[in-house]
Amino acid sequence: MEQFNIRVLKRNPIKFEGETRQPGKITIGNFNERFWMALSYWNLQEYKKQWEEGIQRLKTHDSSCLVVKIRKIDTEVVVSAWVLYKQGDTIIFQYHFLPDEEMAVHLPPFDTKTWYMHIRPRSNELEEWKMPAKDFFASWHEHHFLKKK
């Protein structure tokens, strides 16, 4: 079974460019990447809640996202996220910045209630990772529910 996980790393947050950041890590099969969550706009619980919501969304929708950094710059909310596309029995991951300026002019203002509307169609120009949907959901369940008991 291929593994998927996204989590907060157990390490003290750091200050970088005047902002508190906490490290996290995503695992998609054999691929691992660390990221720094900005804690100025959201706290860790809000990131974790969005991850759970984003994963559950894939059970009923063909796209979703997992936010790894959210910041407010002046009056604009800017997001770095792993965008997930469900195609048949496969989950496809691409890294995106939201909102996309070209799409934003045709959609409601970007915020935490509308961001799924701002997910761009899958790009053939971006690097991507794939895994079976059954492995995606099973490994998430294993990492986040079975180990809590």
**Request:** Take LYS48 and decide whether it is of a type in the set (Lys, Arg), open to solvent by 30 Å² or more (accessible area, probe 1.4 Å) and in contact with an Asp or Glu (Cβ under 8 Å, 6 or more places away or on another chain).
**Result:** no
**Asked** Name the residues in region 57-74 that are at pLDDT 90 or above and open to solvent by 70 Å² or more (accessible area, probe 1.4 Å), would you?
**Response** LYS59, THR60, HIS61, ASP62
**Message:** All but one of (1) in contact (Cβ under 8 Å) with a residue 60 or more places away in the chain; (2) among the aliphatic types (A, V, I, L, M); (3) touching a His at 6+ places or on another chain (Cβ under 8 Å) hold for ALA81; state the number of the condition that does not hold.
**Reply:** (1)
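Tell me the strands (runs of 3 or more DSSP E) entirely within region 3-43 that contain at least 2 residues that are of a type in the set (Phe, Trp, Tyr) and open to solvent by 20 Å² or more (accessible area, probe 1.4 Å).
Ranges flagged: 31-38.
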**Request:** Name the single residue, out of those in region 75-120 being modelled with pLDDT of 85 or more and in a loop (DSSP other than H, G, I, E, B), that is most open to solvent (accessible area, probe 1.4 Å).
**Result:** ASP89
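The values are calculated or read from the model by the stated rules, or taken from the named source; none is laboratory data. Predicted model only: the values in this text are computed from it and were never measured. As a convention, Cβ positions derive from the backbone with ideal geometry for all residues, glycine included, and neighbour counts pool all protein chains shown. What goes into the accessible areas is simple: the full protein's heavy atoms, side chains included, and nothing from ligands, DNA or RNA. Shrake-Rupley method; radii C 1.70, N 1.55, O 1.52, S 1.80 Å.
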